[in-house]
Amino acid sequence: MIFYTNTPQHTNGSVARLSSLKPDVLQQWDKRMKAAGLNHLTPRIASIPAIKVQEKLAQHEVLIHAVMREVEAMQAKLHVTHFFNIIDTSGVVLKLWSEEAILKRLTSFMNLCPGALADVESAGYNSVILAMETGRTSLVLGEEHTLRIFHEGHNACTPIRVEGRIQAYVGFTFPVCLDPAFAIPLLQHMAGMIEKRLQTAMTITGREIAYKKFEAYQLTARQKEIAYTWLEGQTYVQIAECLNISVHTVRTVLKTVYEKAGVNSKAAFIRKFTF
């Protein structure tokens, strides 16, 4: 059972806070907010057109599904008022998860729904732009938010990385009466699980795409299998050990694959099936 206090406790030094930013960054943000006409009384967040939202949802279907699985698993254990959201690398909210009544309130009163913008011109100081600026798990407390509509909640956000590249950001918002210290390990644990799911999903998707390309050259099942592992960068020996065949067989099969695909080098093979 997690014990919560009303007084924020010390959080890990690796967590980004607004106070840890250089003054010139905050000054630049302030100028951007002023130019956009944003102030603490701004009642609703700007959003992108509905047609663009649908395009982004289709583009990030695998990502959203991976996050959804982990959010659902966490919500079964989390008995506090909250909402999670997923934001793409351009700062657009893709999806939110919470109780139905909370989601309706967020949409009706704040326009916080798929398509909402988390950039500084639209939402002011918030943990998403802080995570985007620093590349780290970030925390913004209730009244640290620019917009008064966010003052009732603390908000944490963390990047989701696959192979070293940020794919998206996951946000977690909860009432200011709760100690924010619990949110950081929770969110970082979720991020780790999401990254594992994404890595697996992206590997499967990559294999499916490669296999479809192989079919155009009438590769057999065995040839596809060896060609794909070769495409992944494995050596003759690694492929042979993995598939329990001889190195000679690997070389022979790859020679046939090259002939069918009309290439004469590994570089040409990689270009043909990855670009």
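Read-outs throughout are calculated quantities, based only on the coordinates presented, and are distinct from any laboratory measurement. Just so we're clear, the structure is a prediction, and the values are computed from it rather than from any experiment. Cβ atoms come from the backbone with ideal geometry, glycine included; neighbour counts cover every protein chain shown.
If each residue's Cβ is checked for other Cβ atoms within 10 Å, how do GLU225, GLU241 rank with the fewest at the top? Present the calculation step by step, with values, prior to reporting the outcome.
Details: GLU225 18, GLU241 13.
The order, fewest Cβ neighbours first, is GLU241, GLU225.
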Once label points are set 7 Å from the Cα along Cα→Cβ at both ILE166 and THR235, what is their separation, rounded to one decimal in nm? 3.7 nm
Computed ³J(HN,Hα) along segment 261-268: with the Karplus parameters 6.51/-1.76/1.60, θ = phi - 60°, integer Hz and x for glycine or proline, the list is 7, x, 10, 10, 7, 5, 4, 5
Alpha-carbon gyration tensor eigenvalues x 5, square-rooted, for segment 62-174, Å: 19, 18, 13
The helix 50-59 Cα axis meets the longest alpha-carbon principal axis of the chain at an angle in degrees, between 0 and 90 and rounded to 10, of 40 degrees
Taking 0.36 nm per intervening residue step and subtracting the Cα-Cα distance, what contour gain separates GLU152 from ILE270 on full extension? 37.2 nm
Taking placed amide H atoms and a strict 5 Å upper bound, the residues 5 or more places from ILE160 or on another chain that come that close are GLN167, ALA168, TYR169, VAL170
Counting sequence-distant residues (5 or more places) and residues on other chains, those with an amide H built under 5 Å from that of HIS154 are GLY142, PHE174, VAL176
Expected vector for segment 17-33, Karplus 3J(HN,Hα) from phi with 6.51, -1.76, 1.60 and θ = phi - 60°, integer Hz, x for Gly and Pro, equals 10, 4, 5, 8, 7, 5, x, 5, 5, 5, 5, 5, 4, 4, 5, 5, 5
Once amide H atoms are placed 1.01 Å from N in the peptide plane, what residues at a sequence separation of 5 or more from ARG136, or on another chain, have their amide H within under 5 Å of its amide H? none
Could you let me know the centre-to-centre spacing of segment 62-94 and segment 125-141, using Cα atoms, in angstrom? 16 Å
As a test of the formula, what do you get for the chain when each DSSP H run with n ≥ 4 contributes -39,500 (n - 2.57) and the sum is divided by the residue count, at 222 nm and rounded to the nearest 500 deg cm²/dmol? -15000 deg cm²/dmol
Expressed in angstrom and rounded, the centroid-to-centroid distance over alpha carbons for segment 152-185 and segment 201-275 is 40 Å
Give the order of SER246, SER47, SER127 when sorted by the count of other beta carbons within 10 angstrom, beginning with the fewest. SER246, SER47, SER127
Bridge type composition, the chain - antiparallel percent by DSSP, nearest 5: 95 percent
Quick calc, ILE204 & LYS260: beta-carbon distance into FRET formula, R0 35 Å, rounding 0.05, result 0.90
Computed over segment 18-203: relative contact order in percent, which uses C-alpha pairs under 8 Å that are six or more apart: 23 percent
